[in-house]
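Working notes for the structure below.
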Amino acid sequence: MVLGTRQHVLRVIVVDDGSHDKTADIARLAGAKVLVHPQNQGKGAALKTGFKAAKDADIIVTLDSDGQHEPEEIPKLFEPIINGEADIVNGSRYLNGNGKETPAYRRVGQNVLDTATNISGKMDVTDSQSGFRAFAGHTLPLFRFHSTGYTIESEMLIEASKAGLRIKEVEITTTYGEDSHHKKNPLSHGVSVLVRILQDMEFNRPLYYFTIPGLILVLIGMILGLKFFGEYLGGQMTTLFPTTLAGLIAIFGTFIAFTGLILHSVSRMIWRAMGK
């Protein structure tokens, strides 16, 4: 990976995130600058270290080192930035309906994460978890790197979109080999990423997080309440307890919906105060 990448860039940085093998030694022999974390800190922390070391670069490209990504495709990611068409280029495995080689269980989870990321960031990307990306140098100060793990992929896209950066996707190929996968269980990995996205959505998109679910609860409560009350009047039911329970559901939904509206108003006031 280092040798292939060196053919297309001026400098290769490898972040050795607490590995116990010969990663650092081999990367140095291949000509990379190696930065070592004594203990494993996660992908977000590794990216933060790498970006800090590359802060003087005009363009930075990130790619996973497990063989999934093809270094010869790096120029495809550079081109939109060089041509002034984008600030960030996201390499997508699924653009134009591709990605058939992706295992089905991964694609289902990916669709969920893509949807949540797009809603939270008000954007439209087809591969929110891609590790193959290019960044114009001026974008680096915008990223906070709050996430230490794999949720960093969605976090960076959401932050870029909120900052008004131009995000463009280009098609990339991916190789899934025996060793080309996360060490974490795919289900637990996907759930942890989704939970973090939803936590961000609570502040970024309160209307989606609170108001819409609240209105759904109001609708369900009203329909059930009318149904149960009608059955009570018709003698099919001898107690008003189900009707009361449905009313409580509608009241709770109303509370949730108004919470979303209030948080949305507060959020807009904050953004206006920040001049964004």
Q) Counting only residues that are more than 23 Å from residue 48 (Cβ to Cβ) and surrounded by fewer than 15 Cβ atoms within 10 Å (Cβ to Cβ), how many does segment 3-23 have? A) 3
Q.
Looking only at segment 27-70, how many residues end up being among the hydrophobic types (A, V, I, L, M, F, W, C) and free of Cβ contacts under 8 Å to residues at least 24 places away in the same chain?
A. 4
Q: Kindly check whether there is at least one residue in segment 197-210 that is at pLDDT 85 or above, crowded, with 19+ Cβ neighbours inside 10 Å and either assigned by TED's automatic domain parsing to the domain that holds residue 254 or touching a helix residue (DSSP H, G or I) at 6+ places or on another chain (Cβ under 7 Å) (or both).
A: no
Q.
Among the residues of segment 233-246, are any assigned to a loop (DSSP other than H, G, I, E, B), modelled with pLDDT of 65 or more and either touching an Asp or Glu at 6+ places or on another chain (Cβ under 7 Å) or among the hydrophobic types (A, V, I, L, M, F, W, C) (or both)?
A. yes
**Q.** Every residue from segment 126-144 that is assigned to a loop (DSSP other than H, G, I, E, B) and surrounded by fewer than 17 Cβ atoms within 10 Å (Cβ to Cβ)
**A.** 144
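The values are calculated or read from the model by the stated rules, or taken from the named source; none is laboratory data. In this text the structure is predicted, and so the values were computed from the model without any measurement. Positions of Cβ are generated from backbone atoms using ideal geometry, with glycine treated the same way; all protein chains shown enter the neighbour counts.
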